[in-house]
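Peer 1: Could you have a look at this structure, given as structure tokens, before my questions?
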Amino acid sequence: MQSPKFSKKSDQFRKLLAPKRLGELWKGQIRDKMRKQIVPDAVEFLDFHFDIKKRSAKIEALVCGGNYLPSPILRLTMEKSKGLCRQISLPDPADALILQILSNRLWTEISQHAPSDTAFFAPQDQPFAKRNIVEEGDEWGYGPIESWLDFQKEILKFSKKRKYIVVTDIATYYDNIIHQFLRSILSEYGLEQEHSLDLLLFILDAMLWRPDYMPNFGIGLPQMDLDAPRLLAHTHLFEIDALFADDPDADYARYMDDIDFGVDTIAKAKSVLRDLDLALQTRNLRVNSGKTKILTAAEALSHFKVFENAFLDKVIARLEANASDGQKVGFYGRLAVKLLRSERAHETFSTGNGSKLIKRLLSIVKGTRTPLPNDLFRWLLVEHPGLRKELLSAWSKSGVSKNQIDRLTDFLRSGEAVDDMVFILSINAMAHTRFLRKFTNAQFSGLRMALKGSEPSMLYSRLLLVSRFDSFSLLWSEISNTMSIWSRHKFLSRQVAGFAPLFFNTTLWNDFSSLVRRWAGDEGMSVFEFHENLRSNPPTVKGVRNFLKANNPSSATETSHAKALMMLSVVQNDGIPKVQRAQLIGGHPTMMSDVYYQPIFSHALSNMN
């Protein structure tokens, strides 16, 4: 039952969430963002894309009718350091659409009301995002790398005219944001209408972790790679921006919860920290004392790695200028590896913004496809958990050695791998690696044993591993024996249904089809039917032809595993001329040179009718 006021709110929601607007937003922003999420979808949400008109109309009807409830999210742990983990949330596409349209509207207001021009923030879809051989990525959960670089440039200005630089941040910032305080700050600045704020906070609140049936206290924002929560987190500190923006004795800069000052005396450094902490306390927040430093200008240059970053800027510029010269590209890749291995560099990496240097060097390694030495691979894997995403991406692109698979397996089985994402990232990296020779049965068994367990992250990784590197009979055994687990999770049900083309034309097809139809739920069936249409409906194939034909240079196989399986469905579609099916596969020679993909596609091509 809704309140008598809801009819007026519903009219506003209907304007905001018109199906046409949702469809345009999906095609222009959210589709690409969801495709590239940290846990890949079984069909890269192409089923949602083809059904966008119907899905958008359903979203509008649910919200405007007062019946909308956010879907359960995929929640995973990602280690930051020393076993301490952040929780990351991966939303359903429908929820992501609503969040994005609300945050886009809020951003329009915020960009005009921000009290300081040195508080740096930008939505992820800004047109200045870099696309080049190095492809330095976004700051996960914080937005485009360019905003962080602008923040760094502002701080460097401080060091040229101030004697001291104060470096600090907020302890467990996202986890301690109280929704009531956030709402009052947004209202004070006149940002967004009440009904939109209600819906925005309603969705984010539903995504918070509530273990053991505990009550909701209206505290915290979920961490995800979407604009909405970080936009709210950015706005929540407008009061702090206003407090220090006009202080003539202190320069001020902020990037999300990283806050820095330029001052001329120790006394002023202490006073700004005192005032900052007291102001934060009024909103249930505190300065992170462990990360707070008062640095001299010279110490600040070392902390922010000014000279090292300037050197890397030159290396990357030269690499870009010589991208077509294989010899020079190889030289810069080997230089990056040499810098990562040097003892002097290790000392540099361990202080200040050293991890940012490692990240930049790994981007060079990946862009140049330079193999990583075994000792370097293990050191980064074990000692730098916050950089595993970048490490494993570079490892996959640069070449995987037998010894490195053994070292990865040993680490995953050691008990030191305490988060969900290290398992998912590891197997995703292997799934997108081009293998020119098969690894041994012992290696495969050891890696599979490292993925034991009934947790969704373990099952996801194990199913992906088997689907990519072993037989359909072993995959069937895994699926049929874990039905009680994957049937409870939408993303796992979609993954299982996405394996359909591996079972087409096999003796297990009827069993697989019956199991999916009974247990995969609506979302699993959406994926299953999408593959069925790829196998039997030429118009569906025509709609995805350009997508399937395109190569993905960020992957060593130049395609994703999900796309490879979609192509396998198309190869088995008798309604498509043989020559077109053969041309589709022929357009992916890198994938076909992989020793695991080659026999699967060769068998399907040889059985074409």
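Peer 1: Would you say residue 523 is of a type in the set (D, E, K, R), out of contact with any Asp or Glu (no Cβ under 9 Å at 6 or more places or on another chain), within 30 Å of residue 489 (Cβ to Cβ) and part of a helix (DSSP H, G or I)? Show your work before the answer.
Peer 2: On the way: of a type in the set (D, E, K, R): yes; out of contact with any Asp or Glu (no Cβ under 9 Å at 6 or more places or on another chain): no; within 30 Å of residue 489 (Cβ to Cβ): yes; part of a helix (DSSP H, G or I): yes.
Taking the combined requirement at face value, the residue does not satisfy it.
Peer 1: Scan region 558-583 for residues that are farther than 21 Å from residue 528 by Cβ and open to solvent by 20 Å² or more (accessible area, probe 1.4 Å) and jot them down.
Peer 2: Selection gives 558, 577, 578, 579, 580, 582, 583.
For every residue, the table says whether it meets (1) modelled with pLDDT of 95 or more; (2) under 25 Å from the mean Cα position of the chain (by Cα); (3) open to solvent by less than 50 Å² (accessible area, probe 1.4 Å); (4) farther than 16 Å from residue 384 by Cα.
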residue: 331; (1), (2), (3), (4): yes, no, no, yes
residue: 348; (1), (2), (3), (4): no, no, yes, no
residue: 351; (1), (2), (3), (4): no, no, no, no
residue: 359; (1), (2), (3), (4): no, yes, yes, no
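Peer 1: Shifting gears a bit: Out of region 447-498, which residues are within 17 Å of residue 431 (Cβ to Cβ), out of contact with any Leu (no Cβ under 8 Å at 6 or more places or on another chain) and either surrounded by fewer than 20 Cβ atoms within 10 Å (Cβ to Cβ) or not charged (D, E, K, R) (or both)?
Peer 2: Correct list: 464, 469, 470, 471, 474.
Peer 1: Which of the following residues is surrounded by 18 or more Cβ atoms within 10 Å (Cβ to Cβ), in contact (Cβ under 8 Å) with a residue 60 or more places away in the chain and of a type in the set (S, T, N, Q): 296, 368, 292? Let's see the steps before the verdict.
Peer 2: Details: 296 fails: surrounded by 18 or more Cβ atoms within 10 Å (Cβ to Cβ); 292 fails: surrounded by 18 or more Cβ atoms within 10 Å (Cβ to Cβ).
After applying the criteria, what remains is 368.
Peer 1: Scan 269, 206 and give me the residue that is open to solvent by less than 40 Å² (accessible area, probe 1.4 Å), touching a residue at least 60 places away in the same chain (Cβ under 8 Å) and of a type in the set (A, V, I, L, M, F, W, C).
Peer 2: Selected residue: 269, the only one of 269, 206 that is open to solvent by less than 40 Å² (accessible area, probe 1.4 Å), touching a residue at least 60 places away in the same chain (Cβ under 8 Å) and of a type in the set (A, V, I, L, M, F, W, C).
Peer 1: Quick one: count up the residues across region 65-78 that are more than 13 Å from the chain's Cα centre (by Cα) and crowded, with 20+ Cβ neighbours inside 10 Å.
Peer 2: So the count comes out to 2.
Peer 1: Now for a different question. Six or more apart or on different chains, Cβ under 6 Å: which pairs go from a residue in region 481-507 that's closer than 24 Å to residue 48 by Cβ and touching a residue at least 40 places away in the same chain (Cβ under 8 Å) to one that's among the acidic types (Asp, Glu) and open to solvent by 30 Å² or more (accessible area, probe 1.4 Å)? Could you list them?
Peer 2: 490/523; 494/523
Peer 1: Hand me the list of helices (runs of 4 or more DSSP H) wholly inside region 348-459 holding 2 or more residues that are acidic (Asp, Glu) and under 30 Å from residue 314 (Cα atoms).
Peer 2: On the way: elements: 354-368, 374-383, 388-398, 402-413, 421-431, 441-449.
Ranges flagged: 374-383.
The values are calculated or read from the model by the stated rules, or taken from the named source; none is laboratory data. Note that the structure is a prediction, hence the values are computed from the model and not measured. We place every Cβ from the backbone using ideal geometry, glycine too, and count neighbours over all the protein chains shown. We work out accessible area using only protein heavy atoms, side chains counted, and drop any ligands, DNA or RNA first. Shrake-Rupley method; radii C 1.70, N 1.55, O 1.52, S 1.80 Å.
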